[in-house]
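In what follows, a single structure is set out as structure tokens and then discussed.
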Amino acid sequence: MVYRLPTAPLQKIDNRMISATHFHAMVVHFPIALLTTGFLFELLSLLRGRADFSKIAFYLLLTGTIGAVVSYLAGRQAGAGMEEGELAQAMELHEQAATVALVLAVLTTAFSLYSQGRSLKTGWSKWTGLLLFASVVAAIGLTGYYGGQLVFRHGAGVELALPDFGQ
């Protein structure tokens with residue numbers, strides 16, 4: 001049995017180029033990766049005493065926080081209009097977790113900027129920064145869990161298209 005690719009051109013399902021839902025899905029993984037990796041570098045910096053790891057962690061925190069702002073705004077746009085029903089409740093949980101994660105990321109970045117500006121290199125400031133960074137990663141994990149529930153349990157943003165069996 002030989003499988004042949006269809007000869008008819010692929011049909012567009014949607015006339016829009018990129019929706020807010022698609023854009024959110026495209027950008028949300030960058031801050032997750034950047035902030036999680038930044039936390040690991042900060043942890044390694046404390047355990048190994050390497051200042052270069054701390055500098056890398058700072059830049060990952062900064063770029064991850066910027067990405068989190070973009071993801072948050074795209075998510076707000078993607079979820080606009082969902083105001084009732086079970087999906088709206090799941091969306092509300094995801095949005096609340098995202099708000100907490102974003103606020104923690106901004107606070108952690110501000111604390112890191114303050115610490116660097118004041119040249120704070122004492123144990124309490126390093127451990128406070130690490131604790132803040134850990135809370136960001138935990139909040140991102142919770143946000144991701146609720147986002148996964150939206151997609152995999154409720155089908156948010158999923159467009160089903162059945163193949164045309166008539167060809």
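Among the residues of segment 73-91, which ones are acidic (D, E) and either in contact (Cβ under 8 Å) with a residue 60 or more places away in the chain or assigned to a helix (DSSP H, G or I) (or both)? Break it down stepwise before answering.
Here is the first cut: in segment 73-91, the ones acidic (D, E) are 83-84, 86.
Within segment 73-91, just E86 meets the criteria.
Taking the condition of being assigned to a loop (DSSP other than H, G, I, E, B), out of contact with any Leu (no Cβ under 7 Å at 6 or more places or on another chain) and surrounded by 16 or more Cβ atoms within 10 Å (Cβ to Cβ), how many residues in segment 144-167 meet it? Break it down into steps so the answer makes sense when it comes.
First, pick out the residues of segment 144-167 that are assigned to a loop (DSSP other than H, G, I, E, B): 154-167.
Subset that is out of contact with any Leu (no Cβ under 7 Å at 6 or more places or on another chain): 155, 157-167.
Still in the list and also surrounded by 16 or more Cβ atoms within 10 Å (Cβ to Cβ): 157.
Qualifying residue count, segment 144-167: 1.
In segment 113-130, which residue that is small (G, A, S) and either within 15 Å of L43 (Cβ to Cβ) or in contact with a helix residue (DSSP H, G or I) (Cβ under 6 Å, 6 or more places away or on another chain) (or both) is surrounded by the most Cβ atoms within 10 Å (Cβ to Cβ)? I'd like the intermediate steps shown before the answer.
To start, the set of residues in segment 113-130 that are small (G, A, S) comprises 115, 117, 119, 123, 125, 129.
Filter once more, so that each one left must be either within 15 Å of L43 (Cβ to Cβ) or in contact with a helix residue (DSSP H, G or I) (Cβ under 6 Å, 6 or more places away or on another chain) (or both): 115, 123, 125, 129.
Working: S115: 18, G123: 8, S125: 17, G129: 24.
So the residue we want is G129.
Tell me, please, whether a residue that is in contact (Cβ under 8 Å) with a residue 40 or more places away in the chain, crowded, with 17+ Cβ neighbours inside 10 Å and under 13 Å from the mean Cα position of the chain (by Cα) can be found in segment 40-48.
No, there is no match, as no residue in segment 40-48 is in contact (Cβ under 8 Å) with a residue 40 or more places away in the chain, crowded, with 17+ Cβ neighbours inside 10 Å and under 13 Å from the mean Cα position of the chain (by Cα).
Confirm whether G141 is modelled with pLDDT of 90 or more, in a helix (DSSP H, G or I), under 16 Å from the mean Cα position of the chain (by Cα) and among the small types (G, A, S). Let's see the steps before the verdict.
Working: modelled with pLDDT of 90 or more: yes; in a helix (DSSP H, G or I): yes; under 16 Å from the mean Cα position of the chain (by Cα): yes; among the small types (G, A, S): yes.
Considered against the rule, which asks whether it is modelled with pLDDT of 90 or more, in a helix (DSSP H, G or I), under 16 Å from the mean Cα position of the chain (by Cα) and among the small types (G, A, S), G141 comes out as yes.
Residue pairs, Cβ under 8 Å, 6 or more apart or interchain, first in segment 131-155 and over 24 Å from F41 (Cα atoms), second charged (D, E, K, R). List them.
Pairs found: H154/E86.
For residues that are at pLDDT below 75 and aliphatic (A, V, I, L, M), scanning just segment 147-161, find the one that is nearest to A80 (Cα to Cα). Spell out how you get there, then give the answer.
Step one: list which residues in segment 147-161 are at pLDDT below 75, which gives 157-161.
Going one step further and asking which of them are aliphatic (A, V, I, L, M), we end up with 158, 160-161.
Details: V158: 16, L160: 21, A161: 23 Å.
Only one residue fits best here, namely V158.
Identify, from the list A68, A57, A110, the residue that is under 25 Å from G144 (Cβ atoms), small (G, A, S), surrounded by fewer than 15 Cβ atoms within 10 Å (Cβ to Cβ) and modelled with pLDDT of 95 or more. Before the answer, list the steps.
Working: A68 fails: surrounded by fewer than 15 Cβ atoms within 10 Å (Cβ to Cβ); A57 fails: surrounded by fewer than 15 Cβ atoms within 10 Å (Cβ to Cβ).
Selected residue: A110, the only one of A68, A57, A110 that is under 25 Å from G144 (Cβ atoms), small (G, A, S), surrounded by fewer than 15 Cβ atoms within 10 Å (Cβ to Cβ) and modelled with pLDDT of 95 or more.
Taking the conditions exactly as written (within 18 Å of L34 (Cα to Cα), touching a Phe, Trp or Tyr at 6+ places or on another chain (Cβ under 8 Å) and not aliphatic (A, V, I, L, M)), does G129 satisfy them or not? Steps first, answer last, please.
Details: within 18 Å of L34 (Cα to Cα): yes; touching a Phe, Trp or Tyr at 6+ places or on another chain (Cβ under 8 Å): yes; not aliphatic (A, V, I, L, M): yes.
For G129, the condition - within 18 Å of L34 (Cα to Cα), touching a Phe, Trp or Tyr at 6+ places or on another chain (Cβ under 8 Å) and not aliphatic (A, V, I, L, M) - is met.
The values are calculated or read from the model by the stated rules, or taken from the named source; none is laboratory data. Because the structure is a prediction, the values reported are computed rather than measured. Please note: Cβ atoms are built from the backbone with ideal geometry, for glycine as well, and neighbour counts cover all protein chains shown.
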